[in-house]
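Q: Dropping a structure here in structure tokens format, bear with me for questions.
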Amino acid sequence: MSSLWKFFTSLRLTVWLLGISVLLVFLGSLAQVNEGLWNAQARWFKSFVVVRHAGDAWWVPPVFPGGHLVGSLLLMNLLAAHFKRFKFSFEKFGIQLTHFGVIVMIIGQGITDKKQVESFLGFEEGEARNFTEHHRDAELVFLREKDADNDEVVAFHEDLFKPRGLLVKSKLPADLKHEKLPFTLRVHEFGMNGDVLSPASVKTMAERLKTALATLDGKFSTAEALVPVAEIDVANVERAMTWRRAMKRLGGSNDELLAEVKRRAADPRQAAELMAAVKKQFREDMLGAFKQAGERARKFGEPRMGPEMQFVAELEEAGHLADAEKEEAKATNGSGRGARIVNRAEVKDDKQGRNFQWAVFEILEGGKSLGTWLASSRLNPQEIEVAGQKWRVQMRNERYYLPYNLQLVRARQEVYQGTSQAKVFASRVRIINPNTKEDRSTDITMNNPLRYADLTFYQSTMGQGERGPGTAALLSALSGRPPSDFVDMEEKEGGRNSGLQVVGNPSMLAPYTGCLLVGFGMLWQFLFHLTRFLAKRAGLPPPDFGVPHPLLPVCALLIMLPDVFLAWIAIKNGTLFALAVVAVTPFIRGVLAWQVWRGKHLVFSMVLLLVPTILAVPFALKYQETHGSMLWPVSIAQFAAFLGIAYVVFSNRPRTISAHA
């Protein structure tokens, strides 16, 4: 037991953990290139152990400690070392503050990883919403009309449908019930991402692909057709590129494409090789275009039959295009009846698109099956009638309901002149809270989020419609035409939408608090040693010089006064800066004021008050319109306390030679 305690309290463990954390940050950042931001964060920083997988880059180690393991060990090391060595000392109070700040940051990050929720709120001008939606997670919801304005909602999170256990072929969870539902839900299949295909559309696209391939075979059936076809295709940029890629495969020259085709067509052997290469290249490009249509449909919703196009192209590549005629119905009821499901790889990077979760479930009433349904993010709500009750079922992004409404009053977008690059994204939002009788409007911009209740709303995206203020400048930048061409659109109202990134983080202040503690601790320790150095070199009083004086209690109260003012600002305006400062400085000021009240450490207290005051003045001048305005009362109170302590020190120095402990 003693050896374990020695291990956790050792400085060597601290050094090793800090070194491993630096390497972890480097490897995790490098992994984002191949794995994407979200996946790399989850794998390297939000896990206890990172294990090498097949297909990983060469530099990924077989096993490496993850962020949670390194953070947990570092936290245990700091806490154990403090418990073993902690002894309050005014001289070393800065070191203790710095360590405590690191502990706050580690604990805050752990809470953030577990409790922070990020969601999205998108609405059009004039529209009001009382919910946000998760970016990735989905839920299967059952809804029925409660009254004219509200629905009764029963939601099952996607985690309830995932197989349980560590084995690959683990079973799906047991039947799901809810007191508000007059039936039992039994999930047969669930997928994190999948395309819902219409059998008729699959057959249509399969026939279209067969026709295109047959046309391609007929087009290059004889060597004599090479030159005439090439003469036509070189006039088309995309087809000419296909010819050039085929020629590159054969090692031919692309400088004079048509001349090279004519030269090869004159030789029977080279003509046959060229014909096979061109036909293969056109086939690959055609199938590639079909597959890209599916990718575009998942990202942008167009083309409408993109998933079916990708599916038949994949069947053709596998040599199973005839399977497009097969019926593989997953459900017996609803709009998904007869639909075909094709599983797709789970998307773990938001920049690569989104997931379309799906589930095949059965409804049982009193143990009797009423059939199966298919729910997917790609399908509209379906109606189910059970026990005389009509319910709508839908797979959608997980929603977080708010006890208030946010209405988009106006969305404003400005671009830099002559470009389509955004200059200003701004949303004027109306807050309607029936619980607090609040009805007010506020602006959200790219650098000015809205903090309301326990959520923070950041301006994320902006959709420009066909009309409304700001339209002329944007369309002019996109088209190159003068803004006057779009004045009629500029004068009309509406037509835009806004997207807000919504973050709920119970440890939102932890990073600010931790950084302030570390900063104040380092400043405290530096100034204490600086005053001691100056005392030795310049003959000034030592930092712990002190003497009782009736003016010192007044100075102590002046030291604490700024925290009262900042607390009032924080409560009144909810300013994040003020909240973070109020969470840190009362304890620091309390220790300092306690020493001043007792007439001890006056020289150090005088310097500690003066230096932050001098540093705060330029900041207050530069940011007078925002946070700078609240620094003037703080600086005045601190400077007044400094003057009082300085008077006591210099008026008593000749009569008081010895330092007071």
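Where a number appears in this text, it was derived from the coordinates with a stated rule and is not lab data. Since this is a predicted model, take the numbers as computed values, not measurements. Cβ atoms come from the backbone with ideal geometry, glycine included; neighbour counts cover every protein chain shown.
Q: Need one number: nm distance between label points at ARG598 and VAL424, each 7 Å from Cα along Cα→Cβ, rounded to one decimal.
A: 5.6 nm
Q: While we're here: Considering the options VAL60, PHE45, LEU74, tell which one lies farthest towards the positive end of the dipole of the range 2-86, charges being +1 on Lys and Arg and -1 on Asp and Glu at the Cβ, about the Cα centre.
A: LEU74
Q: Let me ask you something else. Give me ASP56, ASP159 sorted ascending by neighbouring Cβ count inside 10 Å, so fewest comes first.
A: Ranking ASP56, ASP159 by Cβ neighbours within 10 Å, fewest first, gives ASP159, ASP56.
Q: Let me ask something additional. So what is the 222 nm mean residue ellipticity for the chain from helices alone, if each DSSP H run of at least 4 adds -39500 (n - 2.57) and you divide by all residues, rounding to the nearest 500 deg cm²/dmol? Show your work: numbers first, answer last.
A: Values: 18 runs with 304 residues, N = 661.
Helix contribution divided over all residues of the chain: -15500 deg cm²/dmol.
Q: Gain in length, THR204 to LEU4, computed as 0.36 nm per residue apart minus the alpha-carbon separation, to one decimal in nm?
A: 65.0 nm is the gain from fully extending THR204 to LEU4.
Q: Could you tell me the calculated FRET efficiency between LYS437 and ARG392, based on Cβ-Cβ distance and R0 = 30 angstrom, to the nearest 0.05?
A: Approximately 0.35, to the nearest 0.05.
Q: Taking Cα pairs under 8 Å and at least six residues apart, what relative contact order does the range 2-86 come out at, in percent?
A: Result for the range 2-86 is 37 percent.
Q: Further question: Normalising by the residue count of the chain, find the relative contact order in percent from Cα pairs under 8 Å and 6+ residues apart.
A: Details: 1104 pairs, mean separation 96.4, N = 661.
So the answer I get is 15 percent.
Q: Same structure, new question: Among the trypsin sites (Lys or Arg not before Pro) within the range 245-308, which fall in a DSSP loop and have no more than 12 other Cβ atoms within 10 Å of their own Cβ?
A: Of the trypsin sites (Lys or Arg not before Pro), the ones in loops of the range 245-308 whose Cβ has at most 12 other Cβ atoms within 10 Å are ARG304.
Q: Run the paramagnetic zone check for LEU37: 7 angstrom along Cα to Cβ, then residues of the range 134-163 with backbone nitrogen under 19 Å.
A: 134-137
Q: Can you put VAL104, VAL596 in order, fewest other beta carbons within 10 Å first?
A: Result, fewest neighbours first: VAL104, VAL596.
Q: Name the residue from PHE361, TYR416, ALA324 whose Cα lies farthest towards the positive end of the charge dipole of the chain, charges +1 on Cβ of Lys and Arg and -1 on Cβ of Asp and Glu.
A: TYR416
Q: Need one number: nm distance between label points at ALA453 and LYS326, each 7 Å from Cα along Cα→Cβ, rounded to one decimal.
A: Rounded to a tenth, the inter-label distance reads 5.0 nm.
Q: Could I ask something else about it? For LYS280 and PHE86 in the same chain, what is the full-extension length gain: residue separation times 0.36 nm, less their Cα-Cα distance, in nm? Intermediate results must be reported in sequence, preceding the final value.
A: On the way: separation 194, 0.36 × 194 = 69.84 nm, distance 7.48 nm.
Separation in residues times 0.36 nm, less the Cα-Cα distance, equals 62.4 nm.
Q: Follow-up. Output the DSSP H helices from the chain with an along-axis C-alpha extent of no less than 20 Å and a mean Kyte-Doolittle hydropathy no less than 1.0.
A: Span-like helices in the chain: 11-35, 552-573, 576-597, 602-622, 631-652.
Q: Ok, one more. How high is the relative contact order of the range 510-652, given as a whole-number percent (alpha carbon pairs under 8 Å, six or more residues apart)?
A: 32 percent
Q: Sorted by average packing, counted as other Cβ atoms within 10 angstrom per residue and highest first, what order do 221-228, 500-507 take?
A: Working: 221-228: 13.5, 500-507: 18.5.
Those peptides, ordered most packed to least, come out 500-507, 221-228.
Q: With each label point set 7 Å from Cα along the Cα-Cβ vector, what nm distance links ASP147 and SER21?
A: 5.3 nm
Q: Give me the extension gain from ALA225 to ASN405: residue separation times 0.36 nm, minus the current Cα-Cα distance, reported in nm with one decimal.
A: Taking 0.36 nm per residue and subtracting the Cα distance, the gain is 58.1 nm.
Q: Further question on the same structure: Please arrange SER201, SER498 by counting, for each residue, the other beta carbons lying within 10 Å of its beta carbon, fewest first. Don't skip to the answer; put the middle values down first.
A: Numbers: SER201 17, SER498 26.
Arranged by neighbour count, lowest to highest, SER201, SER498 become SER201, SER498.
Q: Can you bin the range 512-614 into rounded, prolate or oblate? Criterion: square roots of the alpha carbon gyration tensor eigenvalues sorted a ≥ b ≥ c, rounded for a/c under 1.5, prolate for a/b above b/c, oblate for the rest.
A: oblate
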